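Trainee: Let me give you the structure first, and then I'll get to my questions.
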Amino acid sequence: MEIITVVFWVIIIFSFRGYTILLHELGHAITAAYLSGEKVTVYIGSYSERGNTIYLKWGLIECYLKKSFIWEQGHCVIASNSLTLNGQILYTLMGPVVTVLCTIVFGLLAYYAVIPDWIRVFFGLMSFITLIDALRTLIPSKRPIYKTNGGIGYNDGQNVRNLFNQKRLSAKLKEVNIALDHKDYEGAGDLLLEMIKKSRHKAYYYRYAVNCYSQAKQLEKLATTYVGFEKTGEMNSNEYADAGLVSAYLCHYETALRYFEKAIALQADHEVALSNIAFSHIMMGHYEKALSLFDQLVQNNPENAYLVANKGLASFKSGQTEAGLKEMERALEINPEEPYTHRSLGIYYLDQNDSVRALEYFKKAKELNPDTHIIDALIAKAEAISITKT
């Protein structure tokens, strides 16, 4: 007799839990139908299965009930994408709210109702079961729910958390747009980095922040942003090359080389990365390595003044003084407006103790491009030598 009683209660508990799932999903569905005015589909006993089910329809709500004695799963799908963020939050919360209401009602009946003891026990158990279900769905969990159609979802608590994060991000995005309207590019970049902490689309916001810091010419913040961006695993070859340029401008040549090499790993013929690997070797004093690389690059682009000038600089620094000067002079003939040709010639004459002529070339390089690498430091050095001589 006791075994039969236990079996009876187990059947009652598990079958009733299925009905709490039905009520839970209807809490979602009724709210969604009311807010959107469009069709809502409810799956009871599965996450999106239509086979082996009983089909029911009530107004805008259609329901697929799995032909099973015990229901352990449920899923609600909105046909409309028109719900506001507040609407989506309310819709998501109403499922657990219904479960919580069931907990309260059953608890009150178990405690206050004048009923036989076995019914009191039943209501008490139901109150406990619905409380556990409410907590299971309300406590955020990053554990994915794999749907029958191959999609991935999360419990209601995690979905609500994601929606609130999205709402906060939307507010932050408005602040970003205001900052951009006022041309406060650095401020916009700072706001975007704050958004990254709570966003699932980190690569998008990193790209946005990179653009803002680039316009603000905040190289240190750009370098830091690229460190975080790289961790997403979504940087492309151009972005690695740009990250390398930023590091090179900051004279972090080892880091620059690593970025340039990653760009080449993704795109073997990336010209910017290839030429800047060679340039970084010059800056690190690896002149023979730089000469070898520039020699190959010039063979493929014999009329590129930037490459020819830097090949000349690498040749000169490697001890081939006359050959290096000829290459620089040829680069000047190819394009007199290439700032790095004037920079290379300035370095040549500075090393030849002709600081006056070196200064002329350095100033011309800066005139052509104020961002020519360490040009201010080279000008200062030439001026200091000139003053010492006089």
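None of the figures in this text is laboratory data; all of them are computed from the coordinates on show. Everything quoted here is computed from the prediction, not taken from an experiment. Cβ coordinates were reconstructed from backbone atoms using ideal geometry, including for glycine residues, and neighbour counts include every protein chain displayed.
Trainee: Taking a ≥ b ≥ c as the square roots of the Cα gyration tensor eigenvalues, with a/c under 1.5 meaning rounded and otherwise prolate when a/b beats b/c, else oblate, which class fits region 2-138?
Mentor: oblate
Trainee: Another question, if that's okay. If I stretch the segment between GLU254 and ALA377 completely, what's the gain in nm (0.36 nm per residue apart, minus their alpha carbon distance), one decimal?
Mentor: 42.2 nm
Trainee: Please grab the % of Cα pairs in region 285-390 that end up more than 21 Å from each other.
Mentor: Every Cα pair in region 285-390 considered, those over 21 Å come to 31 percent.
Trainee: Could I ask something else about it? Most exposed first by the Cβ proxy, i.e. fewest other Cβ within 10 Å, how do TYR361, TYR253 rank?
Mentor: TYR253, TYR361
Trainee: Moving to a separate point now. Please compute the length gained on full extension between ASN177 and GLU337, using 0.36 nm multiplied by the number of residues separating them and subtracting their Cα-Cα distance.
Mentor: My answer for the length gained is 53.8 nm.
Trainee: Apply the a/c threshold of 1.5 to the C-alpha gyration tensor of the chain and tell me whether it is rounded, prolate or oblate.
Mentor: prolate
Trainee: Return the calculated 222 nm mean residue ellipticity for the chain, to the nearest 500 deg cm²/dmol, obtained by summing -39500 (n - 2.57) across DSSP H runs with n ≥ 4 and dividing by the residue count.
Mentor: -23500 deg cm²/dmol
Trainee: Which residue, LEU109, GLY157, LEU22, has the largest displacement toward the positive end of the dipole of the chain when charges sit on each Cβ (Lys, Arg +1; Asp, Glu -1)?
Mentor: LEU109
Trainee: A follow-up question, please. Whose amide H sits under 5 Å from the amide H of ILE145, counting only residues 5 or more places off or on another chain, with H placed in the peptide plane?
Mentor: Hits under the 5 Å cutoff: GLY153, TYR154.
Trainee: Going by average Cβ density within 10 Å per residue, which order do the peptides 50-58, 106-114 take, highest to lowest?
Mentor: 106-114, 50-58
Trainee: With each label point set 7 Å from Cα along the Cα-Cβ vector, what nm distance links ILE132 and TYR34?
Mentor: 3.0
Trainee: Give the peptides 336-343, 311-318, 117-124 in descending order of average Cβ contacts within 10 Å, highest first.
Mentor: In decreasing order of mean packing, 336-343, 311-318, 117-124 become 311-318, 336-343, 117-124.
Trainee: Then there is this: Relative contact order for the chain: what is it in percent, counting Cα pairs under 8 Å that are at least 6 residues apart?
Mentor: 7
Trainee: Using 11 Å as the cut-off for backbone N distance, which residues of region 307-325 belong to the label zone defined by a point 7 Å from the Cα of SER292 along Cα→Cβ?
Mentor: The answer is none, because no backbone nitrogen lies closer than 11 Å to the label point.
Trainee: Same structure again: Count charges around CYS63 for me, please; just the other residues with Cβ under 12 Å from its Cβ, Lys/Arg as +1, Asp/Glu as -1.
Mentor: Net local charge, CYS63 excluded: +2.
Trainee: With a 10 Å radius around each residue's Cβ, average the other Cβ atoms per peptide and rank 273-280, 380-387, highest first.
Mentor: My ranking of the peptides, most packed first, is 273-280, 380-387.
Trainee: So how strong a dipole does the chain carry about its Cα centre when Lys and Arg Cβ are +1 and Asp and Glu Cβ are -1, to the nearest 20 debye?
Mentor: That gives a dipole near 1600 debye.
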